[in-house]
Each structure stands twice: as C-alpha cells, then as structure tokens.
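The values are calculated or read from the model by the stated rules, or taken from the named source; none is laboratory data. Please read these numbers as outputs of a predicted model, since none were measured by experiment. Positions of Cβ are generated from backbone atoms using ideal geometry, with glycine treated the same way; all protein chains shown enter the neighbour counts.
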Amino acid sequence: MKNFKEMKYLLLDLDGVCYGKHNNYSLERVFGQVSKRMTMFISEKLKIDMEKAKKLQTNYFYKYNTSLNGLMIHHDIPPEEFLKYVHTIDLSFMKEDKIMRNELEKIRHGKVYFY
C-alpha cells in the first residue's frame with residue numbers, strides 16, 4: 001500500500017463510518033427509516049401486502065446483495081425511482097458534528113463521500 005502522503009484521494013463511506021453512536025446519531029434511526037421505505041415501495045409498486053413485501057425485500061437482499069438488485073432483475077424497477085423513494089427520510093434529529101468536520105477539513109487529500 002502506498003504511503004498516505006502519496007495518495008491523491010480519500011474515500012469516505014458516511015454510512016456509519018463518519019457518524020455513529022459516539023456522536024449521538026443513531027444508525028438504526030436512519031437505516032430503520034430506509035428499510036421501512038423499501039418495504040413500502042415494494043408493497044405499493046408490486047401491489048402486495050407489507051408482510052410479503054418485507055419477505056421479498058429480505059430475500060432479494062440475501063440473494064442479490066441488495067434488495068434493489070433483485071427488484072431490477074425480477075421486476076424491471078428503475079433504480080432512480082427506488083432510490084429517490086427510499087432515501088426520502090427524516091434527518092432532522094441529526095446535529096452538526098463540528099469536531100468531525102474540523103478533522104475532515106484538515107485532510108488535504110481530495111475527498112469522495114459515499115452516503
């Protein structure tokens with residue numbers, strides 16, 4: 001592996017890496033909302049009850065590594081439509097983490113954030 005100083009970019013996964021319980025953000029609160037929205041989307045889109053939708057969601061997740069992959073393969077679901085729906089969640093409980101922000105700003109490498 002290259003020396004850190006020689007690296008051009010730093011990839012940061014915001015799904016639990018740059019925030020977590022240590023700074024009062026509940027991952028369960030975020031992912032719980034996303035999971036519920038997935039179930040609702042599947043139920044509405046495929047016209048099935050919520051229990052069947054949750055089973056299908058879980059099955060596709062384990063079989064295809066994401067529920068979306070299974071929906072795309074078996075139901076021709078447009079990924080943009082799915083992602084827009086499931087990521088419409090309430091984040092009002094999240095507070096700015098000034099310490100994390102300052103630490104990230106100190107890093108002089110290019111940064112790419114995944115969330």
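Close contacts from segment 41-63, counting a first residue that is in the same structural domain as THR88 (by TED's automatic domain parsing) and a second that is outside any helix (DSSP H, G or I), with Cβ to Cβ under 7 Å and a gap of 6+ residues or different chains, come to SER43/ASP49; LYS45/ILE77.
Annotation note: Cβ proximity below 6 Å between a residue of segment 23-37 that is at pLDDT 85 or above and a residue that is assigned to a helix (DSSP H, G or I) (sequence gap 6+ or interchain) occurs for VAL34/VAL86; ARG37/VAL86. Out of all the residues in segment 44-82, which are of a type in the set (A, V, I, L, M) and surrounded by 13 or more Cβ atoms within 10 Å (Cβ to Cβ)? Correct list: LEU46, ILE48, MET50, ALA53, LEU56, LEU68, LEU71, MET72, ILE77. Among the residues of segment 77-115, those identified as outside any loop (DSSP other than H, G, I, E, B) and aliphatic (A, V, I, L, M) are LEU83, VAL86, ILE99, MET100, LEU104, VAL112.
Going through (1) surrounded by fewer than 13 Cβ atoms within 10 Å (Cβ to Cβ); (2) charged (D, E, K, R); (3) within 20 Å of the chain's Cα centre (by Cα) one by one, GLU105 falls short only on (3). Does GLY20 qualify as being within 19 Å of the chain's Cα centre (by Cα) and at pLDDT 95 or above? Answer is no for this residue.
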